[in-house]
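Report on one structure; see the data block that follows.
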Amino acid sequence: MPLPGRHRFAPEDAPRVAVLGGGIAGLAAATALAERGAQVALYEQGGALGGRLAGWHTRLTDGSSVTMSRGFHAFFRQYYNLRGLLRRADPSLVRLTPLPDYPLRHSGGLTDSFAGVPRTPPFSALGFAALSPTFGWRDLAAIDARAALPLFDVRVPEVYARFDGVSATRFLESVRFPEAAHHLAFEVFSRSFFADPRELSAAEMLLMFHVYFLGSAEGLLFDVPNEPFPRALWNPLGDYLQRLGTDIRTGTPVRSVHPCGSGAEVRTDTAGERYDAVVLALDVNGLRQVVAASPGLGTPDWRDDIASLRTAPPFLVSRLWLDRPVRADRAGFLGTSGYGGLDNISVLERYEGEAARWAARTGGSVVELHAYAVEEEAARESMPGKLTEQLHEVYPEVREARVVDARHEWRSDCPLFSVGTHHRRPAVRSPHRWLALAGDAVRSGLPVALMERAATTGFLAANTLLAGWGVQGQVLWTVPRAGRSAVLRAAAAHARN
């Protein structure tokens, strides 16, 4: 909760703030600051807003102009602060559309669904297990109930002290979850972090379980933008920020930040400009580069911690424009496991207007395939072809489809939350009163993850600066810091003792 103070700055004492990074975290920080009257300059090295969810135009071989991006992202209903950010430009969130289900399919033939799962905790988790073909009675009886109790008493930030030193895979093995459940339930969470579950901190996986199953009543169904990211989300939000007086500087990478009196000088390729405060809302690579080039920033330990940050292994997004449709009953999004490198399939015309218009005009389909944590360099050249083969195995009706055009995007810029590294992740507060950090790699002490962590830390960065100036910040909402069931919490506490 923000500290008491003024509602906004008087025009004559409005500080000048540079926000570095035009992704979700930077947009959240810029919004909270600009709404309270700060003079905000938003720097983004790319040509458009959105950060890792930006989009760009490309032309297909059939002459169609379409929008390409890094692919599917789920806007879960527990993303309270991200949704609050989007409501600035879309008060009723009409640009988000719900998907009716989130099926998870294993190559062995089992398919799980979240459509009929109760949303009230703890019945959400129990209902999923009861309705799932993955969990047989013998499997459930084999589970080590005592080892599983921490799932029901996730506390933030204590979960990191207890489980950051254990991998997600090791924790699941200790619980004796059935192997298929590893793939269909919990591995999906680790893949959301673009990481191999053998490397992912169990604390992050437990946090995800808490956020979606036992800490909230929204369940695991989600919404998606009904048009490409720029049109649905970032262009409207950029227009809103400009109406507040924000100076949006896309195509302007910041090279370094240097302490200067009570503020800092921000240097680009062409100029240096002084600001009263700075928010670093950069991805891991960008943050490391700026800090390394700014020798006056922080303390030696703080700089070492930032230098130690790592990115998750590369992932591939393959988008195919096909000359014939997938079957009408195929889901808009399908999580997969056991199909080689294929992690999920999206059928874009099920929810995105641009893809739907292309499919209606041509009689085809727009299909997107994801492969996460592709470790071996040698595998990358052949991976697009392998994903297409795996698509044919899952959706055999498109075996004979002609690929009108395709785009293959490799990326390696998501934070890696590997075992034992939580204590080295930077916090929102920095060693300087005028400098705050934001992003999905930044610690917050709140039960948030992924895009919601980016939005929440963006608001927290703004709140940190605003509190120093005696101005009220943004009110934030999260799921509870601990499980909702007192009985299950007590059982877990008893097991610990």
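The values are calculated or read from the model by the stated rules, or taken from the named source; none is laboratory data. Bear in mind that the values here come from a model prediction, so they are computed numbers and not experimental data. Positions of Cβ are generated from backbone atoms using ideal geometry, with glycine treated the same way; all protein chains shown enter the neighbour counts. The accessibility values were calculated without ligands, DNA or RNA, using every heavy atom of the protein model including side chains. Shrake-Rupley method; radii C 1.70, N 1.55, O 1.52, S 1.80 Å.
Contact map, the range 249-264: residues that are open to solvent by 40 Å² or more (accessible area, probe 1.4 Å) paired with residues that are among the aromatic types (Phe, Trp, Tyr), Cβ distance under 7 Å, separation 6+ or inter-chain. Pairs shown: Arg249/Tyr43; Ser262/Trp434.
Results for (1) under 21 Å from Thr67 (Cβ atoms); (2) assigned to a loop (DSSP other than H, G, I, E, B), shown as yes or no for each residue.
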residue	(1), (2)
Gly296	no, yes
Arg324	no, yes
Asp329	no, yes
Thr336	no, no
Asp343	no, no
Ser346	yes, no
Val366	yes, no
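Looking across His423, His432, one residue alone is assigned to a helix (DSSP H, G or I), open to solvent by 10 Å² or more (accessible area, probe 1.4 Å), closer than 21 Å to Asp301 by Cα and of a type outside the set (Asp, Glu). It is His423.
Within the range 222-244, the residues that satisfy the criterion of being in contact (Cβ under 8 Å) with a residue 24 or more places away in the chain, touching a strand residue (DSSP E or B) at 6+ places or on another chain (Cβ under 7 Å) and either closer than 30 Å to Arg274 by Cα or buried (at least 19 other Cβ atoms within 10 Å of the Cβ) (or both) are Phe222, Val224, Pro225, Pro228, Phe229, Pro230, Ala232, Leu233, Gly238, Leu241. If you go through the range 265-277 and pick out every residue that is in a strand (DSSP E or B), in contact (Cβ under 8 Å) with a residue 12 or more places away in the chain and open to solvent by 50 Å² or more (accessible area, probe 1.4 Å), you end up with 3. Counting the residues of the range 436-484 that are surrounded by 18 or more Cβ atoms within 10 Å (Cβ to Cβ) and part of a helix (DSSP H, G or I) gives 17. Of all residues in the range 47-68, those satisfying the criterion of being assigned to a strand (DSSP E or B) and either open to solvent by less than 10 Å² (accessible area, probe 1.4 Å) or not charged (D, E, K, R) (or both) are Gly55, Trp56, His57, Thr58, Ser65, Val66, Thr67, Met68. Scanning the range 69-122 for residues that are farther than 30 Å from Ala29 by Cα and in a loop (DSSP other than H, G, I, E, B) yields a total of 18.
Is there a residue being of a type in the set (Gly, Ala, Ser), open to solvent by 10 Å² or more (accessible area, probe 1.4 Å) and in contact with a Pro (Cβ under 6 Å, 6 or more places away or on another chain) anywhere in the range 348-367?
No, the range 348-367 contains no residue that is of a type in the set (Gly, Ala, Ser), open to solvent by 10 Å² or more (accessible area, probe 1.4 Å) and in contact with a Pro (Cβ under 6 Å, 6 or more places away or on another chain).
Only residues that are within 18 Å of Val284 (Cα to Cα) and surrounded by fewer than 21 Cβ atoms within 10 Å (Cβ to Cβ) were counted across the range 301-331, and they come to 11.
Checked against (1) open to solvent by less than 10 Å² (accessible area, probe 1.4 Å); (2) under 17 Å from Asp62 (Cα atoms); (3) of a type outside the set (D, E, K, R), Leu342 meets all criteria but (2).
Residues in the range 261-299 that are on the phi < 0 side of the Ramachandran plot and touching a helix residue (DSSP H, G or I) at 6+ places or on another chain (Cβ under 8 Å): 11 in all.
For Arg83, the conditions (1) among the basic types (Lys, Arg); (2) touching a helix residue (DSSP H, G or I) at 6+ places or on another chain (Cβ under 9 Å); (3) modelled with pLDDT under 90; (4) open to solvent by less than 60 Å² (accessible area, probe 1.4 Å) all hold with the exception of (3).
Scanning the range 29-46 turns up no residue that is surrounded by 21 or more Cβ atoms within 10 Å (Cβ to Cβ), under 20 Å from the mean Cα position of the chain (by Cα), part of a loop (DSSP other than H, G, I, E, B) and at pLDDT 95 or above. Per the conditions (1) among the aromatic types (Phe, Trp, Tyr); (2) closer than 28 Å to Arg288 by Cβ; (3) open to solvent by less than 50 Å² (accessible area, probe 1.4 Å), the sole criterion not satisfied by Tyr102 is (2). Kindly indicate whether any position in the range 374-395 is part of a strand (DSSP E or B), among the β-branched types (Val, Ile, Thr) and in contact with a Gly (Cβ under 9 Å, 6 or more places away or on another chain). No, the range 374-395 has no match at all.
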